[in-house]
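This report refers to the structure that appears directly beneath it.
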Amino acid sequence: AAMVKETIRVYARVKPLGRRQQAGSYSVDNEEPLPSLEIAVPRDSADGFINNKRESYKFKFQKIFDQEAKQDVIFDSIAKPVAECVLAGYNGTIFAYGQTGSGKTFTITGGAERYSDRGIIPRTLSYIFDQLQKDSSKVYTTHVSYLEIYNECGYDLLDPRHEASRMEDLPKVTIMEDSDQNIHLKNLSLQQATNEEEALNLLFLGDTNRMIAETPMNQASSRSHCIFTIHISSKEPGSATIRRSKLHLVDLAGSERVAKTGIGGHLLTEAKYINLSLHYLEQVIIALAEKNRSHIPYRNSMMTSVLRDSLGGNCMTTMISTLAMDKRNIDESISTCRFAQRVALIKNEAVLNEEIDPRLMIVQLKKEIQDLKDELALVTGKQRMSELSQEELLQLDELIETFLKENDPDSSLDVGADMRKIKYCFFHMKQIINHPMTSDKKLLSQNTSEEKNSNEELEKLKGLLQQRDNEINILVTMLKKEKKKARDALSQLEATSAGSTVLEQSPSMSLEESQSSSRCFSLKEAKDFSSSVPRLPFLPR
């Protein structure tokens, strides 16, 4: 299968400042080949001690989107290339990472106020369905799933029981691993979506079921990691090959440190879990970035298990770092950028995901089995013990004859994978070499009855020979008579003055005679005879 090797693409997006926020100092340089973001750390004397930290940090990104960047531009630059690959049969992942309130959910899902605020998920859905409608060469099926990971437990956001019951009572999504190390999620439903509207309804249903809570940073902060996945399978009519690809759109929970959030109680537990899973994510990323690490700790958290393919696996992955650039959050933004720099070192290998449709495969395999049986019989010489039929032998004789007459040096004698036939052919060839004049029929004489026949034939031939001898004798005497007649005719010619008339007569007469006498012989002899006789009268002349 085709393979695309590339590092994870990392983008940065700066959130617009709120009304009461003080702007931090940063500069964006979007020059190719690698745009950079420089963040200045204020020397803050209010801290009461002299701040000896570095004054400015510079980070490199694929591209940096400043505060005024619109949602459609974000989609076109970041998500569209990934969606195109997914349509072509590769896996894709886009994830947003950053502290609470830095705009992750806005970037991934979008804002609800205005249509133009739609985020990456709805735009990607509408782009994908748009492309699928245009392409009539294949048959496509699309499913979506929406997984929430909260305090290290997985929940299906598309479970219809969500509204009725408490989170704790819902069946948990668990991870199963098969022998090939592939991850399967149990209790996570795959809902078919035949068009954009159905898919968006599912997205909306999932969003209403998300765990949100108020933190000092944000009124409706996401307290869980959410993974919205679009599964696409395509098949050309009549072909046995199915392409399956999936696109994960991931909204991670906030990455801020616990002290910052000013929270207690169960929110503290949440924060610990969020930080723990992000810490594991970071560990996986550090491990992947190191050249000689053999063990990657994917299994430490549910999040990293589910995203295993997206990180250093069979996937085209893109990360968006969302940054809040007000003075209060500069530290967090720097740590987000640091994380992004590490992610940018990871190399992924995206493979075209093709598999074969079992029904069509069975037909192909049956044919293959027959071919292999034939080959096996050829190698072992077993299986076919019965004698070859007379018909088969005749067929082989014909094959050999045409093969021998063929002038083409590349021509081959193909009798199939049958040891008996191959042996017979060698036997036949040997006979032809030993008795070059023998007729083809003689070669079939493997039975004694045919030998008897050949003896009888010999007698017959002897008889024929005798008959021919007699015929020749008769002919010779006739020729003598003719000669005599011719002489008489000549002498007459000399005597007669009107020789022309006799001349015309004589050949015709001799012709008639010859024909009458030839009736007792076979036709062939008659021909020879009649052609030779008319010349006779002219010989002496």
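Checking the structure you have, find out if any residue of the stretch 89-97 is of a type in the set (Gly, Ala, Ser), modelled with pLDDT of 90 or more, surrounded by 23 or more Cβ atoms within 10 Å (Cβ to Cβ) and more than 20 Å from Arg243 (Cβ to Cβ). Yes, that holds for at least one residue.
Given (1) touching a Ser or Thr at 6+ places or on another chain (Cβ under 8 Å); (2) open to solvent by less than 10 Å² (accessible area, probe 1.4 Å), where does Thr141 come up short, assuming only one miss? In the conditions (1) touching a Ser or Thr at 6+ places or on another chain (Cβ under 8 Å); (2) open to solvent by less than 10 Å² (accessible area, probe 1.4 Å), Thr141 misses (2) alone. Within the option set Arg123, Arg54, being among the basic types (Lys, Arg) and at pLDDT below 90 holds for one residue only, Arg54. Which one is nearest to Ile227 (Cα to Cα), of the residues in the stretch 330-345 that are open to solvent by less than 10 Å² (accessible area, probe 1.4 Å) and out of contact with any strand residue (DSSP E or B) (no Cβ under 6 Å at 6 or more places or on another chain)? Looking at residues that are open to solvent by less than 10 Å² (accessible area, probe 1.4 Å) and out of contact with any strand residue (DSSP E or B) (no Cβ under 6 Å at 6 or more places or on another chain), I get Phe339.
With the structure loaded, tell me whether Lys527 is modelled with pLDDT under 65, within 55 Å of the chain's Cα centre (by Cα) and part of a helix (DSSP H, G or I) or whether it fails that test. If you could, list the steps in order and put the result at the bottom.
Numbers: modelled with pLDDT under 65: yes; within 55 Å of the chain's Cα centre (by Cα): no; part of a helix (DSSP H, G or I): yes.
Spelling it out, it is not the case that Lys527 is modelled with pLDDT under 65, within 55 Å of the chain's Cα centre (by Cα) and part of a helix (DSSP H, G or I).
Screening Glu197 against (1) of a type outside the set (Ser, Thr, Tyr); (2) out of contact with any His (no Cβ under 8 Å at 6 or more places or on another chain); (3) not in a helix (DSSP H, G or I) leaves a single unmet condition, (3). For the stretch 3-31, the set of residues classified as hydrophobic (A, V, I, L, M, F, W, C) and either open to solvent by 50 Å² or more (accessible area, probe 1.4 Å) or touching an Asp or Glu at 6+ places or on another chain (Cβ under 8 Å) (or both) consists of Met3, Val4, Val14, Leu17, Ala23, Val28, listed by residue number.
The values are calculated or read from the model by the stated rules, or taken from the named source; none is laboratory data. Here the structure is a predicted model, which is why all the values come from computation and not from measurement. No Cβ is skipped: glycine too gets one built from the backbone with ideal geometry, and neighbour counts run over all protein chains shown. These accessible areas exclude ligands, DNA and RNA; they are computed on the full protein's heavy atoms, side chains included. Shrake-Rupley method; radii C 1.70, N 1.55, O 1.52, S 1.80 Å.
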